[in-house]
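**Q** Would you mind keeping the following structure in view while I ask a few things?
The values are calculated or read from the model by the stated rules, or taken from the named source; none is laboratory data. From a predicted model like this one, the values you see are computed outputs, not experimental measurements. Here the Cβ positions follow ideal geometry from the backbone for every residue, glycine too, while neighbour counts run over all protein chains shown.
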Amino acid sequence: MAVAYQDAGRLYGIELDESTIRARFREALGRYSVSSFQQMRGAVDPLRTDEPCESLRWQAIVEHVLQPSPTQKQAVFRKLWDHFSRPENWRLFDDVIPTLEQLGGSGYRLGLASNFDQRLRPIIQKYLGDFPLELFISSEIGWVKPAEAFYAEVTRRLEVPIDQIFLIGDDWENDVSAPQTFGWQTAYLCRDGKPRGDTNSPVFPELLDVVRTLLPDRNTG
């Protein structure tokens, strides 16, 4: 992330070191979370979102990080928006494909529930296009996790009982606490070994550890 922002800034004469970019990016993610950004805009429900909202929100994040001049800000934002829309600028963790292969091969329906926008679709198509993944993207659903309406809409589309939905995710509030409250089963993926929050969900350092729990008779390597 930092290198992409640094390269985009340099095209417009903005020189920042990577540590400054990372620090400002962390600040921006907090200041311009969907709920905070929507409150700034006077939205009735701060967990509502759509494609225009996501575009404006990310423009605010880019401006906070790089602080371009008024004449530069649209071009800098467009450069980074396009950069992160290209699949080649993303990568998968090594355990993603083996996990999907084993769960899918054992009869599990596979889905991806993400607080992202329509740029996710070509990324998933490139890296995971061989899997019958059902995509649930916040900008398309109209709500972001942890809104109850997000989980309700996913449940409606899946047409299965709530307690048959199992979400594996690395965000404690969005992927564990809120969906648990709604009635989903969850597993907390914590790759850095530093769990956040209080949770009754099991904590796993890798996706394949979840597979070993769900498929105890399967050799996951």
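**Q** Could you tell me whether any residue of the stretch 165-172 is surrounded by 14 or more Cβ atoms within 10 Å (Cβ to Cβ), at pLDDT below 95 and part of a helix (DSSP H, G or I)?
**A** Looking through the stretch 165-172, at least one residue is surrounded by 14 or more Cβ atoms within 10 Å (Cβ to Cβ), at pLDDT below 95 and part of a helix (DSSP H, G or I).
**Q** Can you go through S106, S35, S85, S69 and tell me which one is more than 30 Å from L207 (Cβ to Cβ) and of a type outside the set (V, I, T)?
**A** S69
**Q** Taking the condition of being acidic (D, E) and within 18 Å of N174 (Cβ to Cβ), how many residues in the stretch 91-118 meet it?
**A** Result for the stretch 91-118: 1.
**Q** Continuing with the same structure: Looking for whichever is assigned to a helix (DSSP H, G or I), in contact (Cβ under 8 Å) with a residue 40 or more places away in the chain, among the acidic types (D, E) and surrounded by 13 or more Cβ atoms within 10 Å (Cβ to Cβ) here; the options are E63, E101, E54. Which one fits?
**A** Only one candidate qualifies: E54.
**Q** Then there's this: Going by the structure shown, is P195 outside the structural domain of E51 (by TED's automatic domain parsing), outside any helix (DSSP H, G or I) and surrounded by 16 or more Cβ atoms within 10 Å (Cβ to Cβ)? Write out each step before concluding.
**A** Working: outside the structural domain of E51 (by TED's automatic domain parsing): yes; outside any helix (DSSP H, G or I): yes; surrounded by 16 or more Cβ atoms within 10 Å (Cβ to Cβ): no.
So P195 does not fit the description; no.
**Q** What do you reckon, is A149 surrounded by 14 or more Cβ atoms within 10 Å (Cβ to Cβ), among the small types (G, A, S), in the same structural domain as L135 (by TED's automatic domain parsing) and at pLDDT below 95? Steps first, answer last, please.
**A** On the way: surrounded by 14 or more Cβ atoms within 10 Å (Cβ to Cβ): yes; among the small types (G, A, S): yes; in the same structural domain as L135 (by TED's automatic domain parsing): yes; at pLDDT below 95: no.
Taking the combined requirement at face value, the residue does not satisfy it.
**Q** Next question, about the same structure. Any idea which of L47, L66 is of a type in the set (A, V, I, L, M), over 18 Å from E15 (Cα atoms) and modelled with pLDDT of 95 or more?
**A** Unique residue meeting the criteria: L47.
**Q** Could you list, in sequence order, the residues of the stretch 136-152 that are under 18 Å from T186 (Cα atoms) and either touching a His at 6+ places or on another chain (Cβ under 6 Å) or not β-branched (V, I, T) (or both)?
**A** If the condition is that a residue be under 18 Å from T186 (Cα atoms) and either touching a His at 6+ places or on another chain (Cβ under 6 Å) or not β-branched (V, I, T) (or both), then F136, K145, P146, A147, E148, A149, F150, Y151, A152 are the ones that fit.
**Q** Of all residues in the stretch 66-98 being assigned to a helix (DSSP H, G or I) and among the basic types (K, R), which is farthest from the chain's Cα centre (by Cα)?
**A** Once the filter is applied, the top-ranked residue is K73.
**Q** Could you tell me how many of the residues in the stretch 148-192 are in contact with a Lys or Arg (Cβ under 8 Å, 6 or more places away or on another chain), closer than 23 Å to A43 by Cβ, touching a residue at least 40 places away in the same chain (Cβ under 8 Å) and among the aliphatic types (A, V, I, L, M)?
**A** Final tally of qualifying residues: 0.
**Q** Looking only at the stretch 176-189, decide whether some residue is in contact with a strand residue (DSSP E or B) (Cβ under 8 Å, 6 or more places away or on another chain), modelled with pLDDT under 85 and closer than 19 Å to A113 by Cα.
**A** No, the stretch 176-189 contains no residue that is in contact with a strand residue (DSSP E or B) (Cβ under 8 Å, 6 or more places away or on another chain), modelled with pLDDT under 85 and closer than 19 Å to A113 by Cα.
**Q** Conditions first: (1) touching a Ser or Thr at 6+ places or on another chain (Cβ under 8 Å); (2) within 22 Å of L29 (Cβ to Cβ); (3) assigned to a strand (DSSP E or B). K145 passes all but one, so which condition is the exception?
**A** (3)
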